[in-house]
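Student: Sharing a structure, written as structure tokens. Questions coming.
Please treat every number below as a calculation from the coordinates, not as lab data. This structure is a prediction, so every number in the text was calculated from the model and none was measured. Cβ placement follows ideal geometry from the backbone for every residue including glycine, while neighbour counts extend to all protein chains displayed.
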Amino acid sequence: MPPTRVPDDTAIHGLPMVDAPDPAALEAERRWLVELEAAPAPTRWWAFLKRGGPGYLQAALTLGGGTAASSLFAGAAFGYRLLWVAPVAMLLGVIMMAAVAHQTLSTGLRPFAAMKRYAGPVFAYGWAVGALVASIVWHFAQYSLAGAVIEDIGQVAGFGLGRSAAGFLVLAWAVVVVVGFGASARWTKVFDNSLRILVYGIILCFGFVVLKTGIHDPGALLKGYFAFEIPDGEGGVSGLAVVISGLAAAVGVNMIFLYPYTLLARGWGREHRRLAKFDLGAGMFLPYLLATSLMVIATANVLHYGDSPFSGTRLSPVEAAGALAPVVGETFGRVVFDLGILGMAMSTIALHMLCAGFACSEMFGWKVGGAKYKLACLLPAPGVLGAVFWSDMAIWIAVPTTILCGALLPIAYLGFLKLQRSRAYLGGDLPRGRKAAAWFGGMVLATLTITVFLAWFAITRGPGFLEGLKG
């Protein structure tokens, strides 16, 4: 085996995702991981589960407005029939992100610089600009959701706070979080741990709702995971649009931009590759599967199979919470549902801002944490207008927004496909053999899936696409 290529100061400088790596602790961790290779799989998995990684951060980023929109519409319009979308979408994303982890941890190089050198500037800048644009565009839907549910919580709790005011309150919170992020090891560690709590808090919120509403049809639920059908539109909602929205919401271009840097920030290297892959499953895939499934089931129970009428594209999270109220409780149950949606929006808002600042820093060589970086973090801030001008708009706005941002993903995937087969980049770590061929085939499948579905949508639904943006 070639010597470990540890990220040098250039690679990890200015990556304030977690505490600065301690060389002695990292060396001890590497020895522990090497020894763990000989352990039985269950023992190794349990050790990995206790150690954890940045998968939770990715789960917090992907569990946002796009995921909420696609899940709510999937359940309300089609019942359990689209339960397959979220796990398939995330599985394809995990295949791609596992390749990103392998590449980054094998070389220790900063991914943007590596993409620019070994795949080409078109792919590198397309990836970074796509991450920046997606962080800005997606922001509007997050604030629209956050403002709506905060207003609803206020009405239930007896305090009056309009959606616009709620949106600016969330913006103020996000600015404080983003400016303080990386300023001190303690603050950054608190943020890192808070994301884990938030992710499982979202799951508990929707788990409570499902527990109260039950399972309408166990057979239909099981079929929903394996039938892989794309139903015709119902109530003005396109089944194809909801499927593509779900595929695009699982792994965004900004999410795949931020991920490899979180690995470098921890000082991880070659020995961490198996841990990183396990963490993608336990820290990202599993929470995403649980949260989306529970959301689809809860919404389907009340708005598709229940007595409450489905209102088509005018569906809002507040309406969904109100429909659930008679079943789960007018006050507590409704607030729990609202808090689940709010947690998804707020975690994503903060991470979008961090991603925008970091993408600009990588493209222009700015110091992370400096004045230019902080200003770049504010580029998505106009998204707060989503709570002002779209205050009466249904959650459907997040569906076309997610599809639009999904169109930016294939260029990043193509770049990583090139890197996965680049001997100049990976050297002796270039994957070989049947497993490597299957892995590369999975990456090609992930790229083709999102590309073909987007092309299909553009051809069949493109002329009416902008109608999803009407108020």
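Student: How would SER70, SER164, SER238 line up from fewest to most surrounding beta-carbon atoms within 10 angstrom?
Tutor: SER164, SER238, SER70
Student: If you don't mind, another one. Please go through the residue pairs LYS116/LYS367; LYS367/LYS418; LYS277/LYS435; LYS50/LYS277; LYS277/LYS418 and name each one whose alpha carbons sit more than 25 Å apart in this structure.
Tutor: From LYS116/LYS367; LYS367/LYS418; LYS277/LYS435; LYS50/LYS277; LYS277/LYS418, over 25 Å: LYS367/LYS418.
Student: Please report the net charge: other residues with Cβ closer than 10 Å to the Cβ of ALA166, K and R +1, D and E -1.
Tutor: Taking every Cβ under 10 Å from that of ALA166, the sum is -1.
Student: Between ALA24 and TRP46, what is 0.36 nm times their sequence separation minus the Cα-Cα distance? Round to one decimal in nm.
Tutor: Length gained, ALA24 through TRP46: 5.6 nm.
Student: If you stretched the chain out fully between ALA157 and ILE215, how much longer would it get, using 0.36 nm times the residue separation minus the C-alpha to C-alpha distance?
Tutor: 17.9 nm
Student: What is the fewest-to-most order of GLU35, GLU271 by other Cβ atoms lying within 10 Å of their Cβ?
Tutor: GLU35, GLU271
Student: Ok, one more. How do the peptides 342-355, 97-110, 244-257 rank, highest first, by the average count of neighbouring beta carbon atoms within 10 Å per residue?
Tutor: 244-257, 342-355, 97-110
Student: What ³J(HN,Hα) values, in whole Hz, does the Karplus curve 6.51 cos²θ - 1.76 cosθ + 1.60 give for region 357-364 when θ = phi - 60°, with x put for Gly and Pro?
Tutor: For region 357-364, the Karplus curve yields x, 6, 4, 5, 4, 5, 5, 10 Hz.
Student: Among TRP268, TRP173, TRP366, rank each residue by its count of other Cβ atoms within 10 Å, from fewest to most, as a rough exposure measure. Don't jump to the answer; show the numbers that get you there.
Tutor: Values: TRP268 28, TRP173 14, TRP366 19.
Result, fewest neighbours first: TRP173, TRP366, TRP268.
Student: Work out from phi, with θ = phi - 60° and the Karplus expression 6.51 cos²θ - 1.76 cosθ + 1.60, the ³J(HN,Hα) of each residue of region 269-285, listed in order in whole Hz, and give x for Gly and Pro.
Tutor: Going residue by residue, I get x, 4, 5, 8, 4, 5, 4, 4, 5, 4, 5, 4, x, 7, x, 10, 4 Hz, with x marking Gly and Pro.
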